[in-house]
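Notes to accompany the following structure.
All of the numbers you see were taken from the coordinates with simple rules; none came from a lab. Because the structure is predicted, anything quoted here is derived from the model rather than measured. When we count neighbours, we look across all protein chains shown, and the Cβ atoms used for this are built from the backbone with ideal geometry, even at glycine.
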Amino acid sequence: MTGAQDGTDAGGLETASPERVRELSDNLDAARARLAQACTAAGRAVDDVDLLVVTKFFPAADVRALIGLGVRAFGESREPEAGRKAAELRAGTEEPLAFHMIGQIQRKKAKTVGRWADRVHSLDSDRLADALDAAVAVALDDGDRHDPLEVLLQLNLDSDPDRGGVVVDDLEALADHVDALDHLRLRGLMVIAPQSETPALWMERAASIRTGFLARRPDAVEFSAGMSGDLDEAVRHGSTCVRVGTAIMGARPIRSP
Ligand SMILES: *Cc1c(COP(=O)(O)O)cnc(C)c1O
C-alpha cells in the first residue's frame with residue numbers, strides 16, 4: 001500500500017512503515033541510476049541534472065522518509081496541501097529543504113505560494129507574475145521568507161490552454177515583465193511534453209526555443225523538463241531538472257491534472 005503509515009515518532013509525527021521506507025529507497029536508487037545513465041548516454045556530467053522528487057498527493061510521512069534518504073528538494077502542485085506540508089516538514093528538521101511549485105497556480109492562491117515556495121516552475125502570465133511578486137513582498141516583510149522567488153517560465157508547446165504555459169510568441173514579453181519585478185528572479189524555462197506525438201518531438205522543439213531564449217538571457221540556464229515517462233529524452237535535450245513522481249512514489253491515489 002502506498003503512503004502506509006506506521007504510527008508516530010518521538011515528536012508525535014506520523015512515520016512511514018519500514019516497508020514503505022524500503023520501497024521509497026529502492027525506487028529512489030533506481031531513479032538516480034536511470035538519471036545517471038541518461039546523462040552518460042547524452043554525454044553529460046551526472047551532476048548536470050537535478051532530480052526533483054514530486055510528492056504531491058503523498059503524505060508528509062513519505063516526505064520525511066525521503067528526507068531520511070537524503071532528498072532535500074520536493075515538487076508540489078496543489079494548494080493548500082503544498083503549503084501545509086512545507087510548513088510541517090520545515091518545522092520538523094534542521095535540514096534546509098527546498099519546495100518547488102510545479103503546478104498551475106490560480107491567482108488567488110499566489111499569496112500562499114509566495115510564502116512557502118523557493119521556486120515556481122509554472123509561471124505563465126503577467127498577472128500571475130504580479131500576484132506572486134506582491135505575495136513575496138508581503139512574505140519578506142512578515143519574515144516568512146528571506147529570499148526572492150526563483151521562477152521558470154512554463155512553455156506551452158501545443159497551444160492547449162488547459163495545460164497552462166505561455167505560447168512562444170509571448171515568451172519574451174513575459175520574460176521582460178518578470179525582469180521588471182523586484183521579488184522574482186528569472187532562472188529559466190519549464191516544459192511538460194503534450195501527450196500527442198512523441199516526447200522526442202516536443203523536447204526537441206522545446207530545446208530549440210530554449211536556444212533562442214538563452215541567446216538573449218544567458219543567465220536563465222535552468223530547464224525543467226522530463227518526468228517519469230520521458231526523463232531520458234529530456235536529458236538528451238538539455239534538461240537541468242527532471243521532475244519525477246510516479247517512478248519514485250508509486251501511482252498517485254487520484255489522477256492529477
Ligand atoms: C505530477 C507532475 C510531475 C510528475 O509526473 P510523473 O509522471 O508522476 O513523474 C511532473 N511535472 C508536473 C508539472 C507534475 O504536475
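Distance from the Cα centre of the range 19-42 to that of the range 51-80, in angstrom? If we compute the Cα centre of each part, the gap is 15 Å. If you sort the three axes of the alpha carbon gyration tensor as a ≥ b ≥ c, you get a/c of 1.5 or more for the range 201-243 and a/b no higher than b/c, which makes it oblate.
Which of the three applies to the range 1-149, rounded, prolate or oblate, going by the alpha-carbon gyration tensor with a ≥ b ≥ c and a/c under 1.5 meaning rounded? Note, shape of the range 1-149 comes out oblate.
On average, how much area does the Cα convex hull of the range 122-257 cover when viewed from any direction, in nm²? Projected over every direction and averaged, the Cα hull of the range 122-257 covers 9.2 nm².
When the helices in the chain are scored as -39500 (n - 2.57) per DSSP H run of 4 or longer and the sum is shared across all residues, what 222 nm value do you end up with, to the nearest 500 deg cm²/dmol?
-13000 deg cm²/dmol
Projected over all directions and averaged, the alpha-carbon convex hull of the chain occupies 13.6 nm². Taking other C-beta atoms within 10 angstrom as a stand-in for reagent exposure, Val138, Val21 fall in the order Val138, Val21, fewest first. Scanning residues 5 or more positions from Leu123 or on other chains, those with amide H under 5 Å from its amide H are Leu152, Gln154, with H placed 1.01 Å from N in the peptide plane.
Can you list the equivalent-ellipsoid semi-axes of the range 70-175, largest first and in whole Å, using the square root of 5 times each Cα gyration tensor eigenvalue?
After scaling each eigenvalue by five and taking roots: 25, 15, 12 Å.
Arranged from fewest to most other beta-carbon atoms within 10 Å of their beta carbon, Ser77, Ser159 become Ser159, Ser77. Each part gets one Cα centre, and for the range 208-236 versus the range 161-186 those centres are 16 Å apart. Across the range 143-257, C-alpha contacts under 8 Å between residues 6 or more apart give a mean separation that, scaled by the residue count, equals a relative contact order of 21 percent.
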